[in-house]
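Undergrad: There's a structure below that I have some questions on.
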Amino acid sequence: MKEFFLGVWEDFYSCFLENGSYMMYLKGLRNTIIMAILACIVGLIIGIVVTIIRVVPKKNKALVVLDKIANLYVTIIRGTPVVLQLFIGYFVIFAAVKTASFIGIKETAGIPVAAVVFGINSGAYMSEILRGGINAVDFGQMEAGRSLGLSWLQTFMRVVLPQSLKSAIPTMFNEFITLVKETSVAGYVGIVDLMKIQKYVTTQNAELYMPLLIIAAIYLIIVLGLQQIQKLIERRLMASDKR
Amino acid sequence: MISDKISLDEIVKAENIYKNFGKVEVLKGVTLRIKKGERVVVIGPSGSGKSTMLRCMNLLEEPTYGEVWLHENLLTPIDPYLHFDVIKLSSTFKKMKVEAITAGEEDSEKLDEKIILEIKKKDLLKKNEGKEYKLAIKDLYKKYSMNINKGRAKMGMVFQHFNLFNNLTVLENLTLAPVKLKLKTKEEAEEKAYALLKRIGLEDKANVYPSTLSGGQKQRIAIIRSLAMEPEVILFDEPTSALDPEMVGEVLELMKELAEEGMTMVVVTHEMGFAKEVATRVIFIDEGIIKEENTPKEFFESPKDERLKEFLSKVLM
């Protein structure tokens, strides 16, 4: 038994501590986090804009056309695998952009492209989540805002959206968590994210299981952190529910 | 033509309102003109269209036909059937007139009127009625139309289910619209809000969320929320129907106070006592039309319409 733990420790030492190999994990982690945060912001913005387009009363033809485009976007994104979207984004649409370096770090050149692709992907799911939340808000809230002379958009942003976010927060965090983990496919296009580190470490140490375990633990810690943030936000939003 | 008979003391005019929901005709030509200081109570059986009528007045429902005017400003699109001189420009009218004259009728004002009435009755106007007609409609619209949000800011509305903003505190509920619409600064709006809250004795509730309030408190705050906009008229859509019986009194009390202060009100309600006591005019809507319209005394003591008699005998037991 003792020998088993000793062996595990030795593997851990060689795969994480020796020769500063933890620096490699940190580098991967940094890139993963940059991608996840950027993608999250892009996804949220796209999600909100697309949702507005889909729920706004269709007063003119331009809005009807926009609505059709928004629906098409959601259908296509949800209907195709994220790796495929990443390939198309990386090698076709943004092929010219990815050579530039990003925030002064050379080896992160492809990250903004990947982040935008993940953001575009996440936006589709986010808009579905938000739409569900908005439909759950009593229509009287919108009518009350309109009856006071507020515009549709003013009422939506100040009254309807905040209320829909409250009911959508659990599902939204589900999407954030999925997003963080989904960035692990970035290695397919040569981005050095956390997942990709496994390959480097295994090449160096001929060790497979230990880097996988370490990476799994790091992802798990990120997700646990997100769950804590979710709880915090939910507690805050509960304020208007207290009786 | 309506725009010719602008009367200064008429605040809101709903002219010949029709409203269809799909194939169901809910309103079939209702005209309601509200003068300054009037307190009009609208009663009628459920499904009669009285709430729809009220909601058409601030365009929460868009009328299928008809026009809504706020003072000299038009809130709805132009309804050509209300503008005879516009109909005269239409190609349908011209065609019918030529036909009538070749059939041997004399060209006169009377003939014009007859044709217009026929067009109106049979809904003969099509989408494409020629350039002249189109221009006339456009001109009218340009001259009178008003942004609906600006119009609604002057017409308060109180809902059956209160519809306070659940994500905002009571104070924020009262200040949101005046501040967002730049009618008041934040400080002015809050000052006004506190004054209104004090008036209804709920100043200690300024910073709580609506979910902590009773139904009566919610509705009174909904009423002062519309007052915070300093409206010219307030529309009440069954304000006491969703309340516990013991809370009806406090809401009616506040409404009576407003009435005494001279607030112009249109109230859809089942509270006959309120109608008798407060109304200057009572209207009975049934099957989408106004069946009777009278002073409260006449209305309740000597109703003429058969359906109204039956209705009153049931509700006044």
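Undergrad: Could you tell me the distance between the Cα centroids of the range B:247-317 and the range B:158-180, to the nearest Å?
TA: A separation of 28 Å, based on Cα centres.
Undergrad: I'd like the antiparallel share, as a percent to the nearest 5, of DSSP beta bridges with both residues in chain B.
TA: Here the share of antiparallel DSSP bridges comes out near 55 percent.
Undergrad: Any idea how far the Cα center of the range A:168-231 sits from the one of the range A:13-46, in Å?
TA: What the calculation gives is 8 Å, centre to centre.
Undergrad: With labels modelled as points extended 7 Å from the Cα through the Cβ direction, what inter-label distance (nm, one decimal) is found for A:Phe5 paired with B:Arg199?
TA: Those two pseudo-labels are separated by 7.6 nm.
Undergrad: By counting other Cβ atoms within 10 Å of each Cβ, how are B:Lys180, B:Lys126 ranked from fewest to most?
TA: Neighbour counts put them in this order, fewest first: B:Lys126, B:Lys180.
Undergrad: Moving to a separate point now. Over chain A, with a Gaussian network built from C-alpha contacts below 10 Å, which listed residue (A:Tyr13, A:Tyr125, A:Tyr219) shows the highest mean-square fluctuation?
TA: The residue that fluctuates most here is A:Tyr13.
Undergrad: Over all residues in A:137-145, what is the mean tally of Cβ atoms on other chains that come within 10 Å of each residue's Cβ?
TA: 5
Undergrad: Now, a different point. Kindly point out which whole DSSP H helices in chain A project their C-alpha atoms 18 angstrom or further along the helix axis while averaging a Kyte-Doolittle hydropathy of 0.0 or above.
TA: Numbers: long enough: A:22-55 (48 Å, 1.84); A:61-79 (27 Å, 1.02); A:111-135 (35 Å, 0.94); A:161-182 (28 Å, 0.27); A:209-237 (42 Å, 1.25).
Result, helices passing both filters: A:22-55, A:61-79, A:111-135, A:161-182, A:209-237.
Undergrad: Let me ask something else. Can you pull a Stokes-Einstein diffusion coefficient for the protein assembly as shown at 37 °C (0.692 mPa s), Rh from Kirkwood over Cα pairs, as a whole number of µm²/s?
TA: Translational diffusion coefficient: 115 µm²/s.
Undergrad: Further, regarding this structure: Amide H of B:Val233 versus every other amide H placed in the peptide plane: which residues, excluding those fewer than 5 positions away on the same chain, fall under 5 Å?
TA: Distant-sequence amide H within range of B:Val233: B:Gly156.
Undergrad: Something else about it: Do the sum for the protein assembly as shown: with -39,500 (n - 2.57) for every DSSP H run of n ≥ 4, divided by all residues, what is the mean residue ellipticity at 222 nm, to the nearest 500 deg cm²/dmol? Display every interim value, and only then the final one.
TA: Values: 23 runs with 306 residues, N = 560.
Dividing the helical sum by the residues of the protein assembly as shown leaves -17500 deg cm²/dmol.
Undergrad: D for the range A:22-186, whole µm²/s, Stokes-Einstein with Kirkwood Rh over alpha-carbon pairs at 4 °C and 1.567 mPa s: what number?
TA: For the chosen part, D equals 75 µm²/s.
Undergrad: How shielded is B:230-239 by partner chains, expressed as the average number of their Cβ atoms within 10 Å of its Cβ atoms?
TA: Values: counts 0, 3, 0, 0, 0, 1, 0, 2, 0, 0.
The shielding value for this peptide is 1.
Undergrad: Follow-up. Placing +1 on the Cβ of each Lys and Arg and -1 on the Cβ of each Asp and Glu in the range A:22-186, which of A:Thr171, A:Gln154, A:Thr32 has its Cα farthest towards the positive end of the resulting dipole?
TA: In the range A:22-186, that residue is A:Gln154.
Undergrad: Please give the Cα centre distance for the range B:16-63 versus the range B:83-106, rounded to the nearest Å.
TA: The distance from the Cα centre of the range B:16-63 to that of the range B:83-106 comes to 32 Å.
Undergrad: Okay, next question. Could you list the GluC sites (Glu not before Pro) in the range B:81-159 that lie in coil according to DSSP, counting only those with at most 10 other Cβ atoms within 10 Å of their Cβ?
TA: Here the sparse-neighbourhood loop sites are B:Glu106.
Undergrad: Taking the Cβ of B:Ala193 as the center, what net charge do the other residues with Cβ under 12 Å away carry, scoring Lys and Arg +1 and Asp and Glu -1?
TA: After counting each charged neighbour, the total is +1.
Undergrad: Report, please, the projected area of chain B averaged over directions, based on the convex hull of its C-alpha atoms, in nm².
TA: Answer in nm², one decimal: 19.2.
Undergrad: Counting Lys and Arg as +1 and Asp and Glu as -1, each charge on the Cβ, what is the dipole of the protein assembly as shown about the Cα centre in debye, to the nearest 20?
TA: Magnitude of the dipole: close to 1320 debye.
Undergrad: Here's a follow-up. Which residue, A:Val74, A:Val192, A:Val92, has the most motion in a Gaussian network model of chain A that connects Cα atoms within less than 10 Å?
TA: The residue that fluctuates most here is A:Val92.
Undergrad: Around B:Asn16, under 12 Å between beta carbons, what's the net of Lys plus Arg minus Asp minus Glu among the other residues?
TA: Every neighbour counted, the sum reads +2.
Undergrad: Counting only other chains, and only Cβ atoms inside 10 Å, what mean value do you get across the residues of A:157-163?
TA: The mean count of partner-chain Cβ atoms within 10 Å per residue comes to 4.
Undergrad: Which ordering of B:Ser302, B:Ser90 is given by a fewest-first count of other beta-carbon atoms within 10 Å?
TA: The fewest-first ordering by Cβ neighbours comes to B:Ser302, B:Ser90.
Undergrad: Relative contact order, percent, of the range A:22-186 when contacts are C-alpha pairs under 8 Å separated by at least 6 residues?
TA: 32
Undergrad: In nm, to one decimal, how far is the modelled label at B:Lys304 from the one at B:Leu135, with both set 7 Å along Cα→Cβ?
TA: Placing both labels 7 Å along Cα→Cβ, they lie 4.6 nm apart.
Undergrad: Measure off 7 Å from each Cα along the Cα-to-Cβ vector at A:Gln228 and B:Glu72, then give the distance between these two points in nanometres to one decimal.
TA: Reported label-point gap for A:Gln228 and B:Glu72 is 6.7 nm.
Undergrad: Here's another thing I want to ask about it. When a/c reaches 1.5 or more, the comparison of a/b and b/c decides; with that in mind, is the range A:179-243 rounded, prolate or oblate per its Cα gyration tensor? Let's see the in-between values first.
TA: Working: a/c = 6.48, a/b = 2.78, b/c = 2.33.
Prolate, because a/c is 1.5 or more and a/b exceeds b/c.
Undergrad: Here's another thing I want to ask about it. Go ahead and run the numbers for FRET between B:Glu260 and B:Glu118, Cβ-Cβ distance against an R0 of 30 Å, rounding to 0.05. Spell out each step's value before the answer.
TA: Details: r = 49 Å, r/R0 = 1.63.
Efficiency computed from Cβ-Cβ geometry: 0.05.
Undergrad: When a footprinting reagent is the concern and you count Cβ atoms within 10 Å, what order do B:Arg281, B:Arg220, B:Arg39 take, fewest first? The partial results should precede the final answer.
TA: Working: B:Arg281 19, B:Arg220 27, B:Arg39 23.
By the 10 Å Cβ count, ascending: B:Arg281, B:Arg39, B:Arg220.
Undergrad: Which net charge results for the neighbourhood of B:Glu105, defined as the other residues with beta-carbon distances under 12 angstrom from its beta-carbon, given Lys and Arg at +1 and Asp and Glu at -1?
TA: Around B:Glu105, the surrounding residues sum to -1.
Undergrad: Shifting gears a bit: I want to make sure I understand the PRE zone here: with the label point 7 angstrom from the Cα of A:Leu17 toward its beta carbon, which residues in the range A:199-230 have backbone N atoms less than 20 Å away?
TA: Flagged as within label range: A:201-202, A:204-218.
Undergrad: If you put +1 on each Lys and Arg Cβ and -1 on each Asp and Glu Cβ, how big is the dipole of the range B:253-315 around its Cα centre, in Debye rounded to 20?
TA: Charge dipole, the range B:253-315, about its Cα centre: 180 debye, nearest 20.
Undergrad: Let me ask another. If eta is 1.002 mPa s and T is 20 °C, what Stokes-Einstein diffusion coefficient results for the range B:180-317, Kirkwood Rh from Cα pairs, in µm²/s?
TA: Calculated translational D: 127 µm²/s.
Undergrad: Can you tell which of A:Leu232, A:Thr51, A:Tyr73 lies farthest toward the positive end of the dipole of chain A, using +1 and -1 charges on the Cβ of basic and acidic side chains (Lys, Arg; Asp, Glu)?
TA: A:Thr51
Read the figures in this text as sums done on the coordinates, not as results from a lab. Everything quoted here is computed from the prediction, not taken from an experiment. Don't worry about glycine lacking a Cβ; one is built from the backbone with ideal geometry, like all the others, and counts go over all protein chains shown.
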